[in-house]
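Presented below is the structure to which this report refers.
The values are calculated or read from the model by the stated rules, or taken from the named source; none is laboratory data. Since the structure is predicted, the reported quantities are computational estimates derived from the model, not experimental observations. Note: ideal-geometry Cβ built from the backbone for every residue, glycine included; neighbour counts use all protein chains shown. Ligands, DNA and RNA are stripped out before the accessible areas are found, and what is left, the full protein with its side chains, is counted by its heavy atoms. Shrake-Rupley method; radii C 1.70, N 1.55, O 1.52, S 1.80 Å.
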Amino acid sequence: MNSRNSFDYQVDYQENNFRIFSHQSFHNNLNENIDFHLKAKGKLYWGSAFTIKSIIKIMKNQSIYESEICGTYFWSANFIIIEKFSLECLIGAVRHLVQTNEYLDVFHHIQDD
């Protein structure tokens, strides 16, 4: 799958065991969260990565714009928390999850090849 020919991904990183790609970017992303696709072992998955700072900001906004109770918790499916909002941090986390096969439990399976 050579996505560069048909899509303009902002993030497109590949190693022997996996590929991460996204239409979002780490640059000028003030929300510090990113949705991405992961291709590993012939299967495609969807996931998100957040920073703690991002989650705190989301919770504060929920308490202001939705309801006070919404600001007391945060939930999201198929996501990981990364220490720093950077491609390097995301790659390191995903690499570890693929090596340990934990990605199977973390990310949403979309399709097989």
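Scan the range 10-23 residue by residue and report those that are open to solvent by less than 60 Å² (accessible area, probe 1.4 Å) and not in a strand (DSSP E or B). Listed by number, the list holds a single entry, Glu15. When you check Phe7 against the structure, is it open to solvent by less than 60 Å² (accessible area, probe 1.4 Å) and at pLDDT below 95, yes or no? Taking the combined requirement at face value, the residue does not satisfy it. Residues of the range 85-113 that are at pLDDT below 95 and of a type in the set (D, E, K, R): Asp112, Asp113. Has the range 54-69 got any residue that is of a type outside the set (Phe, Trp, Tyr) and within 15 Å of Gln24 (Cβ to Cβ)? Within the range 54-69 (the criterion being of a type outside the set (Phe, Trp, Tyr) and within 15 Å of Gln24 (Cβ to Cβ)), the answer is yes, since at least one residue qualifies.
Restricting attention to the range 78-113, which residues are part of a loop (DSSP other than H, G, I, E, B), surrounded by 16 or more Cβ atoms within 10 Å (Cβ to Cβ) and β-branched (Val, Ile, Thr)? Residue satisfying the conditions is Ile82 alone.
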